[in-house]
Amino acid sequence: MSDRRILVTSALPYSNGPIHIGHLLEYIQTDIWARYQKLRGVECWYVCADDSHGTAIMLKAEQLGVTAEELVAGVRAERPRDFADFHIQFDNYHSTHSPENRELAETIYLRNREKGHITTRSVRQFYDPEKELFLADRFVKGRCPRCKAEDQYGDNCEVCGTTYAAAELIDPYSVLSGARPEERESEHYFFRLPAFEAMLREWTGGHALQREVSNKLEEWFESGLQEWDISRDAPYFGFEIPDAPGKYFYVWLDAPIGYMASCQNLCQREPSLQFDDFWATDSSAEVYHFIGKDIIYFHSLFWPAMLHGADYRRPTAVCAHGFLTVNGQKMSKSRGTFIRARTYLEHLNPEYLRYYFAAKLGSGVEDLDLNLEDFQQKVNSDLVGKLVNIASRCAGFIGKRFAGRLAGELDRPELLTQMQERADEVARCYEEREFARAMRTIMQMADNANEYLQERQPWVLARNDETAGEAHRVCTTGLNLFRLLVLYIKPVLPELAARTESFLQIDPLCWADINSSLLDHPIAQFTPLMTRIDTEQLTAMTESAQESAQPAAPANPHLERDPIGTEIEYDDFARVDLRVARIAAANHVEGADKLLQLTLDLGGETRNVFAGIKSAYEPEALVGKLTVMVANLKPRKMRFGLSEGMVLAAGPGGSDLFILEPHAGAEPDMKVK
């Protein structure tokens, strides 16, 4: 049993929508590392929480007609199921909208204020005259003042990484309304980050960050640290700042404190745990944060400085990873590659994704691409063709010829010894977050095991009574090799490990089992442990993602509007062929929640179109009506058939979607001017 005590966290997911595969990269990475520690016998606690504050939550709740509290409570009720179904095993999952987080945020603020680390001054701030509220940085966009990149948010540039005040943006506009924001004056509260430069240089120059992250921070140090605006004006969903009516903590102040709040909530349930054991300045525990590279600045400068100023310990390490792309591009709703966690689970085994991410993840901050063709090939080749294949080649003979009992000795014990001797190599890869190297090592050992079975051919030996004993020992050797490989890969594939433990009739595998073998032992009847991915499954998943990404128009379209960046030239619009068509037939689409199948009469020509208007119309009510369609849209193959255009409808969404009514003299095939 190790004497290490570890607290590990993932960045808190924002409470404004469902989890998707881009989010899952981080939680799977963290879960693998935490599971590895626990497999080694380390006391490791994995905590997380919903990030539940900010203007975005307030506006989303307004859009949905609920309170912000109701919105975050509803999201929190749904998320544990998605995480659990991907075998992400939190020891505690909490919320930043909690009593623990309020108390800790106030404590950290007041301690820093007492030491002179908080200051106030009047600032000129952007105000949306249409929405009648001050704009949080993330609701202002414009050109980066440094690299001039278009459509960058008001707090930092996603292209060059620079942080700045929203007022520094070039040609700013409100994301909420598209209006040019007005500058108005307001008193704000600031955290004096420059006062911590010496401490931060020492901390960031150690082993707390990856080298490329430390190099990036050096650029920020050279350009000069700036005081951090930690307040926002009402209306705002969050915690009110003590002694400052109408002023609220900026969401990024209390969000990382959510790690501490979740830990405190865990300690209240676990009598053996004390909050100070993890967060006191003299704590011997280790604290690791797994985050995306887009929030490095907050976690590597603001967060350790706030902790240090409030007499709490700093993190042991902040581990950043890159972004996820799909098929080499940003996730896209129209291409069916913006895949929600639940959509994936409806079609594929979650351990396929866990393995693929592990097979691509290193300790750096490089982006990771989920290539669906490579994903299918790698899962089928490595997990089914190599790993599980070892068990399937051996188990049947043990069951049929040897009464389901392993032999009392191995055929080639040196093979197991050689594999056991690589335990430290695998362990080092996990510890250093070099998961891809660990997976390559494990699959290389799986190749060796399959080569051994191919050489010894137990299926031939088992046919002859004189060599049946050899077949028994060979299959026993194969299953012992398989057991060890499953132990090595258990942090990545916990469900496969559980099914293997049941099949082998053994206790849950732990790292100490590496140096043992399984001999003269009964096993259960073998059933397939994994199946191959079919192309049809991937097609169905991407089509489901496309379908789920066809929402009706939002109740408040400004919430999803990006007025710059979606503009097109007149010549582009002129190429769109809009025509009035009569709906000749309409039918339900089996297996689709939002689609209707329409036959559109363009006057001598008919088109088949799948339209997402099922929430507003019964099929029979549509027949004979007129609608506007995009007639020159490239046909798209869907799971339900070929869609040969797009129907246009108007309205706020849901059941309020409207198409044209027929009128006297109207004929189809009329060009829309």
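The values are calculated or read from the model by the stated rules, or taken from the named source; none is laboratory data. Quick caveat, the model's predicted, so the values are computed rather than measured. For neighbour counting, all protein chains shown are included, and Cβ atoms are generated from backbone atoms with ideal geometry for every residue, glycine included. Side chains included, ligands, DNA and RNA excluded: accessible areas come from the protein's heavy atoms. Shrake-Rupley method; radii C 1.70, N 1.55, O 1.52, S 1.80 Å.
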For the pairs Lys115/Lys216; Lys60/Lys216; Lys148/Lys216; Lys330/Lys360, note any where the Cα-Cα span goes beyond 25 Å. Lys115/Lys216; Lys60/Lys216
What number, rounded to the nearest 500 deg cm²/dmol, is the helix-based mean residue ellipticity at 222 nm of the chain, given -39500 (n - 2.57) per DSSP H run of at least four residues and division by all its residues? -11500 deg cm²/dmol
With +1 on the Cβ of every Lys and Arg and -1 on the Cβ of every Asp and Glu, and nothing else charged, how large is the dipole of the stretch 216-302 about its Cα centre, in debye rounded to the nearest 20? 300 debye
Short version: ³J(HN,Hα) in whole Hz for each residue of the stretch 430-437, in order, from phi by Karplus 6.51 cos²θ - 1.76 cosθ + 1.60 (θ = phi - 60°), x for Gly and Pro, what are they? 4, 4, 8, 6, 8, 5, 4, 5
Averaged per residue, what accessible surface does the stretch 211-327 expose to a 1.4 Å probe, in Å²? 35 Å²
In the chain, what percentage of the DSSP-assigned beta bridges are antiparallel, given to the nearest 5? 70 percent
Which Cys residues of the chain have no other Cys beta carbon under 4.7 Å away? Cys44, Cys48, Cys263, Cys267, Cys319, Cys429, Cys510
Distance in Å, no decimals, from the C-alpha centre of the stretch 22-56 to the one of the stretch 482-533 is 24 Å
Using the Cα gyration tensor of the stretch 461-539, with a ≥ b ≥ c the square roots of its eigenvalues, what is the shape: rounded (a/c below 1.5), prolate (a/b larger than b/c) or oblate (neither)? oblate
How far is the Cα center of the stretch 607-632 from the Cα center of the stretch 123-176, in Å? 40 Å
Give me the Kirkwood hydrodynamic radius of the chain, using the inverse of the mean 1/r over all pairs of distinct Cα atoms, in Å to one decimal. 28.5 Å
Given axes a ≥ b ≥ c from the Cα gyration tensor, I'd like to know whether the stretch 93-189 is rounded (a/c under 1.5), prolate (a/b larger than b/c) or oblate. prolate
Would you mind working out the accessible area per residue for the stretch 10-86, using a 1.4 Å probe, and quoting it in Å²? 31 Å²
What part of the accessible area of the stretch 138-278, given as a whole %, is carbon or sulfur when the probe is 1.4 angstrom? 44 percent
Over 29 Å between Cα atoms: which of Lys333/Lys386; Lys131/Lys293; Lys38/Lys386 fall into that group? Lys333/Lys386; Lys131/Lys293
Charge dipole (debye, nearest 20) of the chain; +1 at Cβ of Lys and Arg, -1 at Cβ of Asp and Glu: 1180 debye
Pop out the carbon and sulfur fraction of the accessible area of the stretch 397-440 as a percent, whole number, probe 1.4 Å. 44 percent
What accessible area per residue comes out for the stretch 335-440, rounded to a whole number of Å², with a 1.4 Å probe? 40 Å²
Would you mind telling me the share, in percent, of accessible area of the stretch 38-84 contributed by carbon and sulfur at probe 1.4 angstrom? 53 percent
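Please grab the % of Cα pairs in the stretch 1-156 that end up more than 18 Å from each other.
That fraction is 71 percent.
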Indicate the gyration tensor shape class of the stretch 167-315 (rounded, prolate or oblate), computed on the Cα atoms with a ≥ b ≥ c the square roots of the eigenvalues: a/c under 1.5 is rounded; otherwise a/b larger than b/c is prolate and the rest oblate. oblate
Please list 3J(HN,Hα) in residue order for the stretch 117-122, calculated via the Karplus relation 6.51 cos²θ - 1.76 cosθ + 1.60 where θ = phi - 60°; whole Hz, with x for glycine and proline. 8, 10, 9, 10, 6, 7
Across the stretch 287-292, in residue order, what do the Karplus-derived ³J(HN,Hα) couplings come to in whole Hz, using 6.51 cos²θ - 1.76 cosθ + 1.60 with θ = phi - 60° and x for Gly and Pro? 10, 10, 10, 9, 9, x
Residues whose placed amide H lies under 5 Å from that of Gln125, excluding near-sequence neighbours: Arg184, Glu185, Ser186
